[in-house]
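A short reminder: the numbers here are calculations on the coordinates, not readings from a lab. Predicted, not measured: the structure shown is a model, and the values here were computed from it. Methodologically, a virtual Cβ is constructed for each residue, glycine included, from the backbone with ideal geometry; neighbour enumeration extends over all protein chains shown.
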Amino acid sequence: MQNRWIRFVRGCLVIRIDGDYMERFFNMCRMHDIDLWDIRKEQDVCMCEAYASDFVKMPPLLRKTGTKASVVKKRGLPFYFPFIKKRIIFFMGVIICLAMLNYVTEYVWAIEYVGNLQVSDDELSDFLEQESIHYGMKKSSLNCEEKEKRLRETFQNVTWTSIYFEGTKLFIEIKENEKSEPVPIEIKGTDIVANESGTITSIVTRNGVPKVKAGDTVEKGQVLVSGSVPVYDESQTVVKYQIYDADADIYIRTPIAYKTTISSGYPVVVYTGNRIKMGFAQIGDYHIDAMPILDFFMGESKNLYETITEKHQVVLLDNIYLPVYYGTINRKEYYIKYFTYTEDEMKSKLSENYEKFILSLQEKGVQIVEKNVKMVKNSKGMDLYGDILAIKQTGETAAIQAYHNVDEDIEE
Amino acid sequence: MNKRDMLKQDMISAGERFADAFSLPKDMVVNATLFHMVGGSELFVENFKGIVSYTCHSIVIKGNNVKYCVCGECLTIEYYSNEDMKISGQIQEVKVIREA
C-alpha cells in the first residue's frame with residue numbers, strides 16, 4: 001500500500017476514466033506497473049487516482065482500450081512549485097527566519113537564579129563572571145556538571161546545585177543548608193578603647209579588667225577595658241596574663257559639634273511639558289531608535305531631558321529568550337531654575353535639619369543633656385552651629401596594646 | 001469436461017497433495033488466489049490475474065481457472081497494483097464461479 005506522504009511528495013492526479021473497457025484499462029495499467037488507487041464508479045464513469053509521473057505512460061493504453069482519461073484535480077508537492085516560485089522572497093524569508101532562530105537558540109540569552117536565600121543574586125553573578133558564564137555564550141561550551149561542582153565548592157552553605165537549560169534560559173538552581181552549624185568563636189584578645197574624649201558616666205564590665213571608673217575623664221583612644229587579665233600567685237605577683245575579648249557597656253558624657261549650611265539660592269526642576277515617546281528595538285548590541293533623526297531635524301536643544309526607558313526581551317514559547325529587545329523611550333524636557341530663600345525660610349530649613357539630627361541621635365540611644373544653637377547669616381546663605389552635650393555609649397574594640405609587653409614580662 | 005480440463009484438474013489436486021505432504025503454502029504451489037478479509041468491509045486480494053468487471057455492487061476478479069465475484073454495496077477499489085488489491089465497502093458475499 002502506498003504511503004500518502006509518498007503520494008504527496010511524488011504528486012498525484014485525480015483522473016476520470018470514461019469508456020466501455022475500463023476494466024481492461026485497469027488491468028493494462030497493472031501490467032505496466034502503473035499504480036491506481038481510490039477507484040470508484042460514479043454512474044457511467046470511473047474516478048481513480050494515479051501518480052503524475054505515471055500519467056504520461058497512459059496514452060498508449062487509453063488508445064488500445066478505447067477509453068478516455070481527463071485530469072480532474074492535481075495534488076502534491078510538484079504542483080506547489082509554481083506557487084512557491086511566484087512567492088520565492090516570502091519563502092526565502094521564512095527559511096532564513098527559521099535558520100536564524102535555530103542559530104540563536106544555541107546561545108544563552110537569559111539567566112535565572114532559583115532557590116537562593118542566603119547567597120545573593122549578586123554573589124552568584126560574580127561567581128558566573130569568574131567562571132566566564134555570561135549572556136551570549138554558546139550552550140554547548142558550558143559543562144554543567146563541572147560548574148555545579150565548582151558552585152558547591154565556592155559556597156560552603158550550598159548543599160545541592162543544578163545548572164540546566166530551558167530553551168535559551170540558563171537556570172542556576174541551588175539548595176542551601178538551613179541548619180547552619182554554630183561557628184566556633186575564636187578569641188583574638190581585644191581591648192575596648194574610647195571613641196571620643198569625655199567623662200565616663202557608667203561602666204559595666206562583663207569580660208576583661210576595667211581601667212577607668214565612673215567620673216573619670218578620658219581621651220580618645222584611651223583603653224577603657226583591658227582584655228589581658230593578670231593571674232596572681234599566693235604572693236600577689238603576676239604569674240601570667242590570660243587573654244580575653246574585652247566586653248563592657250560604657251557610657252560617656254561628651255560634647256558633639258554640629259554644623260549645617262544652607263545656600264540662599266536653590267535649584268528647582270521645571271518641566272517644559274515637551275514630551276517625546278517613541279519605540280525602539282535592539283538586536284544584540286545594535287540599538288535602533290528614531291531619536292538621533294529627531295534631534296537632527298529639530299536641532300540640538302540646550303535644555304536637559306529626563307529619560308525613562310522601558311525594555312522587554314522577546315520570548316518564544318515561554319522559554320526561548322532571543323537577543324532581541326523592544327520597548328519605549330519616554331523623554332521629558334526640563335530646565336533648572338534657581339530661587340532664593342528668604343531669611344525666615346532659611347531659619348526654618350536649618351531648624352528642621354537640626355531637629356532631624358537630634359531625632360536621629362535619640363533613635364541611636366543618645367541622651368541629650370544640653371544644647372545650644374546659633375544661626376549666622378553670611379553672603380552665601382546661613383550657617384547653623386549647634387553645641388550638644390550628650391550621654392552616649394562608647395568603646396570600640398582594638399588589639400591588645402599590652403600584649404607584647406606581657407609576653408616579654410613572662411619571658412623575663 | 002474435456003480431457004485437457006480433466007488433466008488440469010488432476011494436476012491441481014496433485015499439487016494440493018504435494019503441498020499438504022511437504023507443508024508448503026498452497027497458493028504458491030497451485031497458484032491459487034489469496035483472499036484476506038477484515039470484518040465485513042475490507043478485502044485484500046493477492047495472486048490474481050485481473051478484473052473482469054467492476055460496478056458499485058459487484059467486482060468480478062479473474063483467478064487461475066476460476067473467477068470470483070465480490071458482491072456488496074458501494075464497493076470501491078482502494079488500491080490496485082501489480083501485487084495486490086484492496087476492496088472496501090459493505091461486502092455481502094464472495095462467490096466462486098467455476099467455468100463450465
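Tally Lys and Arg at +1 and Asp and Glu at -1 over the other residues with C-beta under 9 Å from the C-beta of residue A:39: what net charge comes out? Walk me through the intermediate numbers first.
Details: positive: A:40, A:41; negative: A:38, A:49, B:78.
Result for the neighbourhood of residue A:39: -1.
Suppose R0 equals 56 Å. What FRET efficiency, 1/(1 + (r/R0)^6) with r the Cβ-Cβ distance, do residue A:14 and residue A:140 give to the nearest 0.05?
The value I calculate is 0.70.
For the peptides A:3-13, A:239-249, what is the packing order when you average, over each peptide's residues, the other Cβ atoms within 10 Å and list the highest mean first? Present the calculation step by step, with values, prior to reporting the outcome.
Values: A:3-13: 14.9, A:239-249: 16.7.
Taking the mean over residues of other Cβ atoms within 10 Å, the ranking is A:239-249, A:3-13.
So, in nm, how far is label residue A:89 from label residue B:28 when the simple model puts each one 7 Å beyond its Cα toward the Cβ?
Taking the two extended label points, one gets 6.3 nm.
Can you tell which of A:191, A:54, A:289 shows the greatest fluctuation in a Gaussian network model of chain A with Cα springs below 10 Å?
A:54
For residue A:237 and residue A:187 in the same chain, what is the full-extension length gain: residue separation times 0.36 nm, less their Cα-Cα distance, in nm?
Full extension of this stretch gives 15.5 nm more.
Using θ = phi - 60° and the Karplus form 6.51 cos²θ - 1.76 cosθ + 1.60, what ³J(HN,Hα) does each residue of segment A:360-370 get, whole Hz, x for Gly and Pro?
Those phi angles translate into 5, 5, 5, 5, 7, x, 8, 8, 8, 8, 8 Hz.
Between segment A:315-330 and segment B:45-63, how far is it from one alpha carbon centroid to the other, in angstrom?
Cα centroid of segment A:315-330 versus Cα centroid of segment B:45-63: 64 Å apart.
I need the phi-derived Karplus couplings for segment A:77-85: 6.51 cos²θ - 1.76 cosθ + 1.60, θ = phi - 60°, integer Hz, Gly and Pro marked x.
In residue order, the calculated couplings are 5, x, 7, 8, 4, x, 5, 5, 4 Hz.
Between residue A:356 and residue A:315, what is the label-to-label distance in nm when each label sits 7 Å out along the Cα-to-Cβ direction?
Here the answer is 4.0 nm between the modelled labels.
Considering amide H positions built from the backbone, and no H for Pro or chain starts, which residues 5 or more places from residue A:334, or on another chain, come under 5 Å of its amide H?
Correct list: A:272, A:304, A:305, A:306.
If you count, for every residue in B:72-82, the Cβ atoms of partner chains within 10 Å of its Cβ, what is the mean?
The per-residue average across the peptide is 6.
What residue among A:30, A:87, A:206 shows peak mean-square fluctuation when chain A is described by a Gaussian network model with Cα springs under 10 Å?
Judging by the Gaussian network model, the answer is A:30.
Can you list residues whose amide H is under 5 Å from residue B:52's amide H, if they're 5+ apart or on another chain and H is modeled 1.01 Å from N?
Under 5 Å from the amide H of residue B:52: B:60, B:61, B:62.
Please compute the average number of Cβ atoms from other chains found within 10 Å of each residue's Cβ in peptide A:37-43.
Values: counts 8, 5, 11, 9, 9, 1, 1.
Across A:37-43, the average partner-chain Cβ count within 10 Å equals 6.
With the Cα gyration tensor of chain A giving a ≥ b ≥ c as the square roots of its eigenvalues, does the rule (a/c under 1.5 for rounded; else a/b larger than b/c for prolate; else oblate) give rounded, prolate or oblate?
oblate
How high is the FRET efficiency from residue A:363 to residue A:399, r the C-beta distance, R0 41 Å, rounded to 0.05?
0.85
Quick check: from the Cα gyration tensor, does segment A:289-387 come out rounded (a/c under 1.5), prolate or oblate?
Oblate, since a/c reaches 1.5 and b/c is not below a/b.
Taking θ = phi - 60°, what integer Hz values does the Karplus form 6.51 cos²θ - 1.76 cosθ + 1.60 yield along segment A:155-165, in sequence order, with x for Gly and Pro?
10, 5, 7, 8, 9, 8, 9, 8, 10, 8, 10
Pop the C-beta distance of residue A:294 and residue A:269 into the FRET formula with R0 = 22 Å and round what comes out to the nearest 0.05.
Values: r = 22 Å, r/R0 = 1.02.
Once rounded, the FRET efficiency stands at 0.45.
List every residue whose amide H lies under 5 Å from the amide H of residue B:79, counting only residues 5 or more places away in sequence or on a different chain, with H placed 1.01 Å from N in the peptide plane.
Long-range HN contacts for residue B:79: A:38, B:86.
Would you tell me the mean number of C-beta atoms belonging to other protein chains that fall within 10 Å of each C-beta in A:16-23, as a whole number?
The per-residue average across the peptide is 1.
Please work out whether segment A:257-341 counts as rounded, prolate or oblate from its C-alpha gyration tensor, where a ≥ b ≥ c are the square roots of the eigenvalues and a/c under 1.5 means rounded, while otherwise a/b larger than b/c means prolate and anything else oblate?
oblate
Compute the separation of the alpha-carbon centres of segment A:72-129 and segment A:18-36 and state it in Å as a whole number.
So the separation of the two Cα centres works out to 50 Å.
Which value at 222 nm does the protein assembly as shown reach when only helices count, each DSSP H run of 4 or more adding -39,500 (n - 2.57), with the total divided by all residues and rounded to the nearest 500 deg cm²/dmol?
Rounded to the nearest 500, the figure is -8000 deg cm²/dmol.
Net charge around residue B:81, counting only other residues with Cβ within less than 9 Å of its Cβ (Lys, Arg = +1; Asp, Glu = -1)?
Result for the neighbourhood of residue B:81: -3.
Full-extension gain between residue A:260 and residue A:56, please, as 0.36 nm times their residue separation minus the C-alpha to C-alpha distance.
63.2 nm
Treat each spin label as a single point 7 Å out from the Cα along the C-beta direction, and report the residue A:101 to residue A:64 distance in nm.
In this crude spin-label approximation the distance works out to 5.1 nm.
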